Amino acid sequence: MCYDKCVVSLDEAGECQIVKAELALKVRLSLEPAFQIIYWSICWLTFFISLIDILEGQHFSGISIFMSVTCLILLYFGFGSTLKLSKDSFELTYFRGFKKKSYSMFLLSKLVLSEQRTIQAEFADSAEPLVFYLNQKNKKKLVTAIQQLAPAVLIETAEAINQV
């Protein structure tokens, strides 16, 4: 059998048992602000082009169907960016898995939060920090999950995060 993120443990009798690992947090990531504006503008543009074509011709045409399907695909992939946080892993997944980054929670040393949406995570084995974006509600969830899972991680609030 194949399990996603499973842990093997021994019971009292000494037999191996597979226990599914619990996710501590799973939230939706926001894209970089400039990229987010471009991406969602393209999504809305395809929606309105298909709507205009349907209303002008008063029937479905090939262009309207193509643009509607393109809009749905963009919506599907646009809402598929997630941050998964478990006891031992810190995983960022963009566009339903097309771009994945996975880090060890044990190497997380510092979390810098801006007043807006920017978050920098600094890891012990990496020279440059990981920058990602969350809304205010998900940022609060992330901070409480980090405090529970890794209380040794330093959490700072910054006025503005310098980006290179």
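For the reader, a short list of remarks on this structure follows.
- The C-beta contact set for segment 125-145 (first residue of a type in the set (S, T, N, Q), second residue part of a loop (DSSP other than H, G, I, E, B) and buried (at least 17 other Cβ atoms within 10 Å of the Cβ), distance under 7 angstrom, 6+ apart or interchain) comprises 135/117.
- Only one entry in 75, 85 is among the hydrophobic types (A, V, I, L, M, F, W, C) and closer than 30 Å to residue 127 by Cα, namely 85.
- Counted residues, segment 10-31 - those being charged (D, E, K, R), under 24 Å from the mean Cα position of the chain (by Cα) and modelled with pLDDT under 85: 2
Residues checked against (1) more than 20 Å from the chain's Cα centre (by Cα); (2) over 16 Å from residue 32 (Cα atoms); (3) modelled with pLDDT of 85 or more:
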{"site": "63", "(1), (2), (3)": "yes, yes, yes"}
{"site": "73", "(1), (2), (3)": "no, yes, yes"}
{"site": "80", "(1), (2), (3)": "no, no, yes"}
{"site": "84", "(1), (2), (3)": "no, yes, yes"}
{"site": "99", "(1), (2), (3)": "no, no, yes"}
{"site": "122", "(1), (2), (3)": "no, yes, yes"}
{"site": "152", "(1), (2), (3)": "yes, yes, no"}
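The values are calculated or read from the model by the stated rules, or taken from the named source; none is laboratory data. It should be emphasised that the depicted structure is a prediction, and the values quoted were computed from it without experimental measurement. As a convention, Cβ positions derive from the backbone with ideal geometry for all residues, glycine included, and neighbour counts pool all protein chains shown.
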